[in-house]
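> Just dropping this structure here.
The values are calculated or read from the model by the stated rules, or taken from the named source; none is laboratory data. Everything quoted here is computed from the prediction, not taken from an experiment. Cβ placement follows ideal geometry from the backbone for every residue including glycine, while neighbour counts extend to all protein chains displayed. Quick note on the areas: whole protein, heavy atoms, side chains included, nothing else; ligands and nucleic acids left out. Shrake-Rupley method; radii C 1.70, N 1.55, O 1.52, S 1.80 Å.
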Amino acid sequence: MNATGFEPAPDQDPDTASAPGRIVLLTTSHRVAPGLLSWPAWQALHAADRVLCADGARPQLPYLREAGTAVDETSPTAEELVAACAGGRTVVVVATGEGEPALTDGLARLAGSGRLQMPDLELLPASYDLPGARLLDLVQVMDRIRAECPWSSQQTHKGLAKYGIEEAYELVEAIEEGDRDELREELGDVLLQVIFHSRIAEEDPDTPFSIDDVAGGIVAKLIHRHPHVFGDETATTPEEVKAHWLRTKAIEKQRTSVTEGIPLGQPGLALAAKLASRVRTAGLEVPLPQSEGIGYELLALAARAEAEGVDPETALRAAARAYRDAIREIEG
């Protein structure tokens, strides 16, 4: 055994000693439960002459040993690894979280030197991230920030409320500007608000909830409100889908007025359009209040826009952007 703790392969039969062998670099995702490996990975592990891992604390190791795979906790150099493959042997290296860059760089240098007959090198992903897997990273990062950051650890739902409003407006602006990079970033900022509030909610002494509770609630709501997707109902047009949504929502909420659930703190045009939409959808005949003043004129315009399928808030913002561009043109 040498200074690295790596024991070289025993002497080989002269007839096979010249065979270069095979190195399998086994990579796993930390976002997948340890032990949940692909079948090709298990086949490679069982067929290997040796299995090596530089990190003895790697979460996969207890499961590999439980399955009967002997794992040597060692970190060979590239030369030592090539030597271990002599005679046609297969050595599987269970990669650490960094992916063994020093080892792969060393193998690349050896191959480029032309001094040695190199073994076959295979990169074998043993587990894959599922869609949404990076959300687990976000949860872990938020946990650590909440615990260790002097500012984040003191925040409350009320203290963060203004940031939620700001991020929502910035998201709308990114959508209006059509900037894809900005859109991705602003979606992340909005997602941060959800994760942050959920993390704070875990600490509530009376009614705590977590991001899993938040996600579980919206999953249940979406399934219930889409019986045409997850149930036996049929919907072939957007209008039928909206009818399903409103019907199931009415049953859930048991509201006594169509105005319930409309946030009064939203921008005035959006508020007016939402009220007009609720009235129209419910089939109510509610005359607009008549009075003097620009507010009532704007209310009438918002109701008219909604009836014509136009979002007045979006329309006004588009006009305001055109006005801004005109100002800048005059300014030169």
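> If we keep just the residues of the range 146-173 that are of a type in the set (A, V, I, L, M, F, W, C) and under 20 Å from the mean Cα position of the chain (by Cα), which is surrounded by the fewest Cβ atoms within 10 Å (Cβ to Cβ)?
In this case the residue turns out to be Ala168.
> What single numbered condition from (1) free of Cβ contacts under 8 Å to residues at least 24 places away in the same chain; (2) under 14 Å from Leu25 (Cα atoms) fails to hold for Pro76?
The one condition Pro76 does not meet is (1).
> So for the range 221-228 (the condition being open to solvent by less than 40 Å² (accessible area, probe 1.4 Å) and either assigned to a helix (DSSP H, G or I) or touching a strand residue (DSSP E or B) at 6+ places or on another chain (Cβ under 6 Å) (or both)), does at least one residue qualify?
Narrowing the range 221-228 to residues open to solvent by less than 40 Å² (accessible area, probe 1.4 Å): 225, 227.
Then drop every residue that is not either assigned to a helix (DSSP H, G or I) or touching a strand residue (DSSP E or B) at 6+ places or on another chain (Cβ under 6 Å) (or both), which leaves 227.
For the range 221-228, residues open to solvent by less than 40 Å² (accessible area, probe 1.4 Å) and either assigned to a helix (DSSP H, G or I) or touching a strand residue (DSSP E or B) at 6+ places or on another chain (Cβ under 6 Å) (or both): present.
> Restricting to the range 241-261, give me the number of residues that are surrounded by 15 or more Cβ atoms within 10 Å (Cβ to Cβ) and either more than 21 Å from His224 (Cα to Cα) or more than 36 Å from the chain's Cα centre (by Cα) (or both).
Total satisfying the criteria: 0.
> Out of the residues in the range 4-46 that are of a type in the set (Ser, Thr, Tyr) and under 19 Å from Leu116 (Cα atoms), which is modelled with the lowest pLDDT? Outline the logic, then answer.
From the range 4-46, those of a type in the set (Ser, Thr, Tyr) are 4, 16, 18, 27-29, 38; that's our starting set.
Filter once more, keeping what is under 19 Å from Leu116 (Cα atoms): 16, 18.
Working: Thr16: 50, Ser18: 63.
Among residues in the range 4-46 that are of a type in the set (Ser, Thr, Tyr) and under 19 Å from Leu116 (Cα atoms), the one modelled with the lowest pLDDT is Thr16.
> Can you tell me which residue among Leu298, Leu269 is surrounded by 12 or more Cβ atoms within 10 Å (Cβ to Cβ), over 34 Å from the mean Cα position of the chain (by Cα) and within 30 Å of Glu166 (Cβ to Cβ)?
So the residue among Leu298, Leu269 that is surrounded by 12 or more Cβ atoms within 10 Å (Cβ to Cβ), over 34 Å from the mean Cα position of the chain (by Cα) and within 30 Å of Glu166 (Cβ to Cβ) is Leu298.
> Could I ask something else about it? Within the range 112-145, restricting attention to residues that are open to solvent by 100 Å² or more (accessible area, probe 1.4 Å) and within 30 Å of Val190 (Cβ to Cβ), which residue is modelled with the highest pLDDT?
Ranking the qualifying residues of the range 112-145, first place goes to Arg144.
> Of all residues in the range 51-91, how many are open to solvent by less than 70 Å² (accessible area, probe 1.4 Å), part of a strand (DSSP E or B) and touching a Cys at 6+ places or on another chain (Cβ under 9 Å)?
Going through the range 51-91 one residue at a time, the tally reaches 2.
> Having 2 or more residues that are out of contact with any Lys or Arg (no Cβ under 7 Å at 6 or more places or on another chain) and of a type in the set (Gly, Ala, Ser) is the bar; report the helices (runs of 4 or more DSSP H) wholly within the range 122-216 that clear it.
Counting at least 2 such residues, we get 157-177, 180-201.
> Take Leu299 and decide whether it is in contact (Cβ under 8 Å) with a residue 12 or more places away in the chain, part of a loop (DSSP other than H, G, I, E, B) and not β-branched (Val, Ile, Thr). Outline the logic, then answer.
Numbers: in contact (Cβ under 8 Å) with a residue 12 or more places away in the chain: yes; part of a loop (DSSP other than H, G, I, E, B): no; not β-branched (Val, Ile, Thr): yes.
No.
> Here is a further query. If you go through the range 302-332, how many residues are exposed (fewer than 12 other Cβ atoms within 10 Å of the Cβ) and in a helix (DSSP H, G or I)? Can you show your working first?
Just the residues of the range 302-332 that are exposed (fewer than 12 other Cβ atoms within 10 Å of the Cβ), to begin with: 308-309, 319-320, 322-332.
After this cut, where a residue has to be in a helix (DSSP H, G or I) as well, the list is 319-320, 322-331.
Matching residues across the range 302-332 total 12.
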